[in-house]
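Here, each number is a calculation from the coordinates, and none is a lab measurement. It should be emphasised that the depicted structure is a prediction, and the values quoted were computed from it without experimental measurement. Every residue, glycine among them, receives a Cβ derived from its backbone with ideal geometry; neighbour counts consider all protein chains shown.
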Amino acid sequence: MEMLLQIEGIDASYGKRQILHEISMNLSRGEKVLLIGPNGAGKTTLLKTVIGLLPPGNGAVNYLGEDITGDSVRTRVRKGISYLLQTENIVPGLTVEENLALGGYFLSKQELEKRKNMVLDSMEFLKPKLKTRAGLMSGGERQGLALSMILMRNPKVLLLDEPSAGLAPKAAKEIIERLDKIQAAFQVETVCMVEHNLKLALKWATKIILLVQGRVVLVSDSPKSFIQQPEELEKYFFEQV
């Protein structure tokens, strides 16, 4: 498989506290990567470093063979990398339609309308709510809107930070199951997701990467094997801590 995103020896810190230690990982075309680990393992920090919200102390981020370590978030988004924050990922006071327009902020008027229609064809539950204030919708609908906003940017790589967090079980199941359809419909080339709902996420993933204390301790191309043997995954979680 063709490599899209390559992370090489990344260190990252918040002030004097180092969170990531020499992280290296590859994301290839067509992969569905599940990034897991105990709380505080550095999963969100890694996604923030990849998208450019947190500069690495050492190491490099390469996209399609180009070093983008020094690129701004805006530049990375325009190149095809998008990041779904776990919280505060919509503007509650704006309507659904206004949030979608905000998601495609750099598109021309014609491109914006075309992209909006494409997104609404996949996220059909948003169609009757275009004039509704986003903050009045259910948790599942708000998370669907947040995902729709980043799809407005025509991403090739999606970085998702716990998209099912705080959702009711039915809504969580729907958002995870929708990812395959989204990846096909929008020609998203790879998805990297942080998710604690392993029962759902392991069925979706084609690859898992386990972080413990800011280090990669396991990479597996057989995530579904852990569905039948969850104790094997627990062993990695707890023996490495």
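Taking the Cα centre of each part, how many Å lie between the stretch 71-113 and the stretch 133-202?
If we compute the Cα centre of each part, the gap is 15 Å.
Distance check, please: which entries in Lys48/Lys109; Lys199/Lys235; Lys32/Lys235 exceed 28 angstrom between their Cα atoms? Working shown, then result.
On the way: Lys48/Lys109 30 Å; Lys199/Lys235 17 Å; Lys32/Lys235 23 Å.
Violating the 28 Å Cα-Cα cut-off are Lys48/Lys109.
Helix 169-185 versus the longest principal axis of the chain: what angle, 0 to 90°, nearest 10, using Cα atoms?
So the helix axis and the longest Cα principal axis differ by about 80 degrees.
Rounded to the nearest 10 degrees, what's the angle between the helix 139-151 long axis and the longest principal axis of the chain, both from Cα atoms, 0 to 90?
Value to nearest ten degrees: 90.
Please report the relative contact order for the chain, taking Cα pairs under 8 Å with a sequence separation of at least 6, and give it as a percent rounded to a whole number. The partial results should precede the final answer.
On the way: 451 pairs, mean separation 60.8, N = 241.
Here the relative contact order equals 25 percent.
What does the charge dipole of the chain about its Cα centre add up to, to the nearest 20 debye, if the Cβ of each Lys and Arg holds +1 and the Cβ of each Asp and Glu holds -1? Display every interim value, and only then the final one.
On the way: 31 positive and 28 negative charges, 146 e Å.
Here the size comes out at about 700 debye.
If you take the charge dipole of the chain about its Cα centre, with +1 on Lys and Arg Cβ and -1 on Asp and Glu Cβ, which of Leu159, Ile36, Leu198 is farthest toward its positive end?
Leu159
Can you tell which of Leu94, Leu126, Leu202 shows the greatest fluctuation in a Gaussian network model of the chain with Cα springs below 10 Å?
The residue that fluctuates most here is Leu94.
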